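J.: This is the structure I have questions about; it appears just below.
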Amino acid sequence: MTQASTGFDPEAVRAKYLRERDKRLISGRAEIRDLDNDPEFGHYRRDPFTPWSERDTISNDVDVCILGGGIAGIALGVELRKAGVENIRFVDTAGGFGGTWYWNRYPGVMCDVESYIYLPMLEETGYIPKRRYAFGDEILEYLQSLATQFDLNRDALFHTSVKRASWDESAKRWIIETDRGDRFATRYYTIAPGILNLLKLPTIPGMAEFKGHSFHSARWDYEFTGGAPGEPLTKLKDKVVGMIGTGATGIQCVPALADGSKHLWIFQRTPSAIGARNNQATDSTFASNLKPGWQQERMDNFQAIMLGRPVEDDLTNDGWTHHYAKVQNPPARLPGESAADWFTRWEAVDYEIMQAHRSRVESTVGDTATAEILKPWYRYLCKRPCFHDEYLPSFNNDNVTLVDCPSGIDRVVEDGVIVDGKKIELDCIIYATGFEAEATPLYRRAGHDVIGTNGQTLADLWSGGASSLYGLMIRGLPNLFAMPGPAQQSVVTVNYTQLAVLGAEVVGRTIAQLLSKGGPTFEVSAAAEHDWNQKILASFADASALMAACTPSRINNEGHPESRNPLNGNYGRGFGDYFGYRELLNDWVAAGQFEGLELR
C-alpha cells in the first residue's frame, strides 16, 4: 500500500494527530466529581425509575451473596440455581435486575454488539432478539425475565448498598453490612459490579450555579423531557437543550433530542469515529436456520476474529469485524521488512479506515464547517468506536448546533454555559458523560470496603496492582470471588457477555462443588498467586508508545498510557488469550482438586 494509492503521508498524518491531541491534553480536563461525597450533585445518582420502598432489615444468613444484578450477577445466579444452590442473596443499588441496562434508559439506547451474541443464554431460553442490535428496553426486559425464570428475585435486596464486607475468621463467614441496616453472614461472597457501573460527572466550574434543569443521561428524566424509551420526547418543544458528551451515549441521544427540542446545542471535546450500524429487524427465517450450539458458535466466531484468528466465515460481518479486528491485529511482518516499515504499513491500514469514517462525515453532513469539526483525527483504537445511522444526519437539522470545545467548557452560569468567552443560553443541560472507565480498579467499582484477613482491604492488597489466581480469587480474601473483567488479570472481550458467562460458569461450578463438600473455607496459596502474577507480567506488552499520539480518552488513561500497570494486564498479549483462558479454567474446575487453593 503506497502513499500514492492511499494519500497516506506518515509524517503529515502523525503531525496532524499530535496537534489534535495537544488541543485536548489539558491539565485537569479528566477530573470527575466524587459523587459519594458531593452535597451538590450526589442526588444525580438517585433512581428515577423505581419507587423506593420501606422494608424490614435482613439478618438471616446465606450460602452465597452476589454483589450486582447485571449480566454477570444474573448469569452466576442462573448457574447456581441450575446446580441446586437455593440460599442466594443479591444486593444492588438499582431498583431491579439489569445492571447498566437498568440505569441506561435514555432515548435511543441500544447495544453496539450484535444482539444474537450479546444477550446471554438465548439458546437455553429460546428467545430470539427483535433486532440485530437490540434497544435497551428489550435487553432490560430480557434480563429481568431471566431473573424471574430462575427465581432470582426471591431474596434480592434492591435499592441497597453494601457499606462494608468483612471476613470473620472465627465464623468463617463474610459479614455484610448495608446502608439499610442489614447485617448478615454469607459463606461465599462474589463481587460482580460490572465494568460500567460508576456514573461519571465532570468538574466544570460553576455547575452548581445553573438555575435551569440538569441531569445525567444514566438517570434520564422523562418527567422533564416527556416520552419514554422508544417514544418521542414531548415536553421539549419550547426548551433549548445543551448536551455535553459525544461518546456512545451522546450519539444515541441526539436524534430524539433533535426531533423533540426547540434547539439542541451539542458540546464536543473530541468527535467519535462513527461507522454505519445498519440495524434491522431480525429476519423471520433466522430462528428456523439455527442448529444446536448456534449461539456459542457465533460468540466464538466473533471472538476469534477479534483476536485475529482465521475463520471460514464471518458470522457477524459488521464494523467490529471489518475495522476493529483489522486494526487490533496488525498485518504480518514481511520477510526482510524493517520494524519502521512494518509499523508504517500498519498505520496505513488504520489511516484508510479512519479516512472512510471522515469521508462518511463529509458525505452526510451538509454544512462544511460542522463536518470538519465532526471528523475524527486520531488512530482508530484511540477511542472506543461508535456505530450509528441517525446521528450524523441530525446535524442537517436547522435546530441543531455543534460547538467545538476541545479544551472543554469554560464554565457553567445560571442561564447557560460559556465557551471561548461566549455565553450560550440554555433551559436544560444533559450530561451524557457515561461511566468511569472499564479499567477502574475493582475495589472502587465494588463501592465499599472489602476487609479480609489481618484487617487488610482489597484496596490495600491491590495498591500496587492486581494480584490474583486466574483473575477470580485473591489471597487475603478467603471465600471471595471476583467476576472477571478488564485490569483484573483475566482477559478482555469486546462482547462482555461472553466473558461474564464464562466467569459465571466457572465460579458457579466451583461454589457448587465446595458446597457439596460441606462448604470449606478456601484461601489462595502464596505460590499460586505468585505464579499467576508472573504469567500476567510475562504477557504484558507496553503499548504506551503506540498510544502516545492518541487523543485523551478512557482507553489511554486520559492521555497517559505510560501509567498502565503491568500487573493489571491480561492472560496473553493484547486482549489476552480468551480461548486458552477458557480451556485452563474449565480444566481446573473439571479436575475438582481446587489446585492453588488451601482448603480448611
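Values in this text are rule-based calculations from the coordinates and carry no lab data. Remember, it's a predicted structure, so these values are computed and weren't measured experimentally. Every residue, glycine among them, receives a Cβ derived from its backbone with ideal geometry; neighbour counts consider all protein chains shown.
J.: What is the calculated FRET efficiency for residue 82 to residue 422, with r their C-beta to C-beta distance and R₀ = 51 Å, to the nearest 0.05? Kindly include the intermediate steps, with their values, before the conclusion.
T.: Details: r = 60 Å, r/R0 = 1.18.
About 0.25, to the nearest 0.05.
J.: Now, a different point. Cα atoms only, the stretch 482-600: Rg and Dmax in Å?
T.: When restricted to Cα atoms, the stretch 482-600 yields Rg and Dmax of 16.5, 55 Å.
J.: Among 122, 499, rank each residue by its count of other Cβ atoms within 10 Å, from fewest to most, as a rough exposure measure.
T.: Placing the least packed residue first, the sequence is 122, 499.
J.: For the stretch 147-180 and the stretch 328-350, what is the separation of their C-alpha centers, rounded to whole Å?
T.: For the stretch 147-180 versus the stretch 328-350, the Cα centre distance is 51 Å.
J.: Separate question: Once you put a point 7 Å from the Cα of residue 513 and another 7 Å from the Cα of residue 312, both along the Cβ direction, what distance in nm separates them?
T.: Roughly 3.3 nm, to one decimal.
J.: Helix-only estimate, please: 222 nm mean residue ellipticity of the chain, summing -39500 (n - 2.57) across DSSP H runs of length 4 or more and dividing by its residues, to the nearest 500. Working shown, then result.
T.: Details: 19 runs with 186 residues, N = 600.
When only DSSP H runs of four or more count, the value is -9000 deg cm²/dmol.
J.: While we're on this one: With Rg and the Kirkwood Rh both taken from Cα atoms, where does Rg over Rh land for the stretch 274-331?
T.: 1.01
J.: I want to check the label-to-label distance for residue 337 and residue 544. Put each point 7 Å from Cα in the C-beta direction and report it in nm to one decimal.
T.: 2.8 nm
J.: Let me check I've understood the local charge: for residue 518, count other residues with C-beta under 15 angstrom from its C-beta, Lys and Arg +1, Asp and Glu -1. What total comes out?
T.: Net local charge, residue 518 excluded: +4.
J.: For the stretch 330-479, state the semi-axes of the equivalent ellipsoid (square roots of 5 times the eigenvalues of the alpha-carbon gyration tensor), sorted largest first and rounded to whole angstrom.
T.: They are 40, 31, 13 Å, listed from largest to smallest.
J.: What order do you get for 213, 530 when you list them from fewest to most C-beta neighbours inside 10 Å?
T.: Listed from fewest to most nearby Cβ atoms, that is 530, 213.
J.: Sort out the exposed loop GluC sites (Glu not before Pro) in the chain (DSSP loop, at most 15 other Cβ within 10 Å) and tell me the longest stretch that has none.
T.: Longest stretch, sites excluded: 415-594.
J.: Now for a different question. Mind checking the full-extension length gain between residue 288 and residue 534? Use 0.36 nm per residue of separation minus the Cα-Cα distance, one decimal, nm.
T.: Full extension of this stretch gives 83.8 nm more.
J.: Right, next: About the Cα centre of the chain, what is the dipole size in debye to 20, counting +1 per Lys and Arg Cβ and -1 per Asp and Glu Cβ, all else neutral?
T.: In total the dipole reaches around 360 debye.
J.: Of the listed values [x] 1.34; [y] 0.97; [z] 1.06, identify the label whose number matches Cα Rg over 2.2 N^0.38 Å calculated from this model.
T.: [y]
J.: Which of the chymotrypsin sites (Phe, Trp or Tyr not before Pro) found in the stretch 1-61 are loop residues per DSSP with 12 or fewer other Cβ atoms within 10 Å of their Cβ?
T.: 52
J.: Can you give the relative contact order of the stretch 439-515 as a percent, counting alpha carbon pairs under 8 Å and 6+ residues apart?
T.: Relative contact order, the stretch 439-515: 21 percent.
J.: So how much slack lies between residue 401 and residue 12, counting 0.36 nm per residue of separation and subtracting their Cα-Cα distance, in nm?
T.: 137.0 nm
J.: Scan the stretch 146-180 for trypsin sites (Lys or Arg not before Pro) in coil per DSSP, keeping those whose Cβ has at most 13 other Cβ atoms within 10 Å, and list them by number. Mind showing how you got there, number by number?
T.: Working: sites: 154, 163, 164, 172, 173, 180; in loops: 154, 172, 180.
Loop-located and lightly packed - 154.
J.: Would you list 359, 284, 115 from fewest to most Cβ contacts within 10 Å? Provide the component values of the computation, followed by the final result.
T.: Values: 359 11, 284 8, 115 22.
Result, fewest neighbours first: 284, 359, 115.
J.: Here is a further query. Can you pick out the pairs among 23/211; 16/239; 237/423; 130/239; 237/375; 211/237 whose Cα atoms lie more than 28 Å from each other?
T.: Listed pairs above 28 Å: 23/211; 16/239; 130/239; 237/375.
J.: In a shell of Cβ-Cβ distance under 11 Å around residue 549, excluding residue 549 itself, what net charge do Lys and Arg (+1) and Asp and Glu (-1) give?
T.: +2
J.: Please flag any cysteine in the chain that has no other cysteine's Cβ under 4.7 angstrom from its own Cβ.
T.: 65, 111, 253, 386, 405, 428
J.: If you keep only loop residues by DSSP, which trypsin sites (Lys or Arg not before Pro) in the stretch 223-294 have at most 11 other Cβ atoms within 10 Å of their Cβ?
T.: Numbers: sites: 235, 237, 239, 262, 269, 277; in loops: 235, 237, 239, 262, 269, 277.
The qualifying sites are 237.
J.: Further question: If contacts are Cα pairs under 8 angstrom and at least 6 residues apart, what is the relative contact order of the chain in percent?
T.: Worked out over the chain, it gives 19 percent.
J.: So, in nm, how far is label residue 154 from label residue 238 when the simple model puts each one 7 Å beyond its Cα toward the Cβ?
T.: Once both label points are built, they end up 5.4 nm from each other.
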